[in-house]
Every structure is written in C-alpha cells, then in structure tokens.
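One structure below.
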Amino acid sequence: MTHVDFAVVGGGIIGCTIARELVLQAPNASVLVLDQDAVGSGASRRSAGLHFPRGATERVRRMSGYSQAWYRALLDADPTLPIHPVPMLVVSDRASAGQVEAAYLDEARMSRVDALPDWLPPLSDGTAAWKGEGCQYADVGALARALARSLRPGTSFRDGVCVTALDRAGNGYELALGTGERVTADAVVLAPGPWLTAPAWRERLAPLGARVKKVVALHIEQPPAAEDGVVVFHDEDAFLLPLHEQRRWLFSYTSQVWDVDPDRLTGSVCASDLAEAREVLLRRAPRLADSARSGRVFCDAYSADREPLVRALDEEGRLVFAGAANGSGYRLAPAIAAEAAHLLRTALQNVSEQGSHP
Ligand SMILES: Cc1cc2nc3c(=O)[nH]c(=O)nc-3n(C[C@H](O)[C@H](O)[C@H](O)COP(=O)(O)OP(=O)(O)OC[C@H]3O[C@@H](n4cnc5c(N)ncnc54)[C@H](O)[C@@H]3O)c2cc1C
C-alpha cells in the first residue's frame, strides 16, 4: 500500500497545474498524479488552447487576470514552452458593444477600430470591432506534459492507471487502482475533466449539477497572413485562431450537443458539426466557410452557472473537485489550481508543520 500526502486524479492541464501549485506551497509534500490514459490526453489534448482576457462574471474576470499573469511568468521563465502570444480582434453586433466593453479586462487595453482585414466583411452600422492585448494560445497537451516533466522526479506520475474506487479511510481517503494496487492519501483532488460519471466519484459529483457538452474546433485550410491574429466573434461565442506553424486557421464555435460520454466520442467531425460551423462562418467570415472540412472534436464539463467548480466535497477539505470550466479549462487552470490549494490549506499546513509521509 502506497501512502501520499496528496493524490491528484487526472493528469490534464488542470490536474498538472494543481500538482504544481501543491508542490510550490508545500515543497516537502508527497504528491501522486494518476491518469487512466497518458498525461495531457483527455480534453487537454484536443483543446484550441486560447486564452483571452475576459470573463462574464466578476469571479471569472479575476480568474482570467490571475491566469494571464501566471502564464506570462511561466513563459518568461521558460520561453521554449508551447505558449504563443497572439494579437486579438473582437467583432460584435453594435447592440452588444456594452457587453464586450464590460467583459474584457483592463489589461486587454481594448480600443475601437474602424476597419477590418479585407478577408472579413466590412464593418457596417450594425457591427463594431476592437483590437486588444493579452491573448495567447498553447498546445495544451504538450504544456501539461511539460509541467509534469518539470515536477518529476519529486512528484510521482502514474499514467495508464485508472482509479476505480474512492473511499474514506482514517483521516483521509483510499483509492483503488485498476492495477489492483491501493493508495491512501491525506487529501485527494479530483480533476477528471469530462469524466464526471466515473463509478469512483459519480455519486459524489452528481449534486454539483455539472454536465458534459461536445466542443468542436474546425481546421480552415487557408493560410493566415503573418499579421493575422485571433478574431473573436463575441455574439456567437466563436473565434478564428491563426495556427501560423500549421499554415491554417482553427475555428472554434459553440456546439449545443449536451450530455455526451467522453468514452463514446470518436474525435471525428460529423456533418452536423460542419453545417453548424459553416452557418456562423457564412455570417462572419464567408470567404473561409468552404474551407472548413476537418477538425478536432471532444467534450468538456460545464457547470450550471458557467463559473468553474472548485469545491470541497467533505467538511474537512480533504476531498476537492476542480473543473467544469465551461470550455475555458486551459485559460483558467492556474486560477482553478490556486482556489483548489486554498480549499486544501489545512492539509497543506499539516504537511508544513508535521513533515511529509514517506
Ligand atoms: C475542441 C476543444 C477546444 C477547446 N478550446 C479551448 C480554448 O480555446 N481555451 C480554453 O481555455 N479551453 C478550451 N477547451 C477546454 C479545455 O481544453 C478543457 O477545459 C481542459 O482541457 C480541461 O482540463 P482537465 O484537466 O480538467 O481535463 P482533461 O484534460 O480531460 O484531463 C482529465 C484527465 O482525467 C483522467 N481521468 C478521468 N477519469 C479517470 C479515472 N477514473 N482514473 C484516472 N484518470 C482519470 C483522464 O484520462 C484525463 O486525462 C477546449 C476543449 C476542446 C475539446
């Protein structure tokens, strides 16, 4: 039987960021990250990985600002990380201009523009546009793996190992693994991405009311120009991201296919995905509509109020859920990790005062 101070279940961007936060706050803590697949697979592998400095609520704006500074510091410390700053253009209906101005952070330095690039329909009386700063995008799976690499060997990673049961044991929890092994931990963080209904935690998570929605991003087989940045279509909750290194665009739009099972999604684009995406493109970027033919499809966990869920699932704060970030799990991961560590403060204090378990 292995014993650790902290077990983090899920080696996606959220689990890896949480592991990093725990190690920073309690350098002597023993931390074990478990993933049923490879680290950086799951939703993280297929993510468009865009960070934009905005939030629909005060808490999400705060989280967005925190995460933006965190990623900037990470990239400054290691410029080889797969994080790419990119300019931003936001387009909306004129009627939504107030919403846009309220949603973006001061750091975005939004300023109105009166013309769009010539491959977009010109601005009309009914539309408005802004340029802004603070955007970046990442290869999220690769970044999760880079974070994991930076934590080894102090932090243990077990990938390809499924957590099949989770039970109270003494002051902490016992995890049963698919390998037959059992692990006890003083505190456990569940960061399972869209696997909300895994048998080990289904009943514990059900009261949170999170659901799983399909997320689609399509490749547009036209090369962006060197000066092109991300174009955000505010009213459609969609964006065009120039993948300069791939010489094509990525178009992310909001699918409304709910209650999907991550184990049943094949990752393949279907005809209705293309049709929905083309409808938005025909309205906002018609020259690109016919070039959307392939893409990446997966799913993500969504909370009822569209704010990330970071919750203690017991009274002592020894079992914490972190996720349901509503298609924004990359851009908000550092703030989610900080909130999770705050909920685990008693367990963190114990390690600092009493030392780690071997
Ligand atoms: C197509 C697409 C585009 C997106 N675009 C953006 C974007 O532009 N910006 C943005 O911020 N976000 C975006 N997202 C959302 C973002 O990718 C997710 O919110 C984020 O990756 C979630 O990270 P996670 O660590 O919670 O989940 P995951 O990356 O899914 O990691 C969870 C891990 O838990 C593991 N796990 C599950 N069950 C078990 C078990 N029983 N035992 C052990 N391990 C288990 C899984 O194997 C998985 O690796 C996008 C998502 C998709 C699919």
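Helix 13-25 and the long axis of the chain differ in direction by around 50°, with both axes built from C-alpha atoms.
Within the assembled protein chains, the solvent-accessible surface assigned to Tyr253 is about 10 Å², based on a 1.4 Å probe. Helical runs (DSSP H, four residues minimum) scored at -39500 (n - 2.57) apiece and divided by the length of the chain put the mean residue ellipticity at 222 nm at -8500 deg cm²/dmol. Straightening the chain between Ala225 and Val113 buys 38.4 nm, computed as 0.36 nm per residue apart minus the Cα-Cα spacing.
For segment 1-71, chymotrypsin sites (Phe, Trp or Tyr not before Pro) meeting the loop criterion (DSSP other than H, G, I, E, B) and having at most 15 other Cβ atoms within 10 Å: none. When a 1.4 Å probe is rolled over the protein heavy atoms, the share of accessible surface on the chain that falls to carbon and sulfur comes to 49 percent. Dipole magnitude for segment 1-112: about 380 debye, using +1 per Lys or Arg Cβ and -1 per Asp or Glu Cβ, origin at the Cα centre. Within the full protein context, the accessible area of Met110 is estimated at about 50 Å² for a probe radius of 1.4 Å.
Accessible-area rank, largest first, for Arg152, Arg54, Arg287: Arg287, Arg152, Arg54, with all protein chains present and a 1.4 angstrom probe. Among the protein heavy atoms, those of Asp300 account for about 30 Å² of accessible surface (1.4 Å probe, every chain in place). Near Ala238, the amide H atoms lying under 5 Å from its own belong to Phe233; only residues 5 or more places off or on other chains count, and H is placed 1.01 Å from N. Of His342, His234, His51, His3, the order by accessible heavy-atom surface (1.4 Å probe, DNA, RNA and ligands excluded), from most exposed downward, is His342, His3, His234, His51. Each Lys and Arg contributes +1 and each Asp and Glu -1, all at the Cβ; summed about the Cα centre of the chain, the dipole is approximately 300 debye. Between Ala271 and Ala206, the contour length at 0.36 nm per residue exceeds the Cα-Cα span by 20.2 nm. In the full protein context, the chain carries 44 Å² of accessible surface per residue, based on a 1.4 Å probe and ignoring ligands, DNA and RNA. Summarising the amide proton neighbourhood of Asp159: residues at separation of 5 or more, or on other chains, whose placed amide H is nearer than 5 Å comprise Asp35. Positive-end ranking of Ala108, Leu166, Phe298 along the dipole of the chain, with charges on Cβ about the Cα centre, is headed by Phe298.
The values are calculated or read from the model by the stated rules, or taken from the named source; none is laboratory data. Note that the structure is a prediction, hence the values are computed from the model and not measured. Positions of Cβ are backbone-derived with ideal geometry, glycine not excepted, and every protein chain shown enters the neighbour counts. With ligands, DNA and RNA removed, areas are computed over all heavy atoms of the protein, side chains included. Shrake-Rupley method; radii C 1.70, N 1.55, O 1.52, S 1.80 Å.
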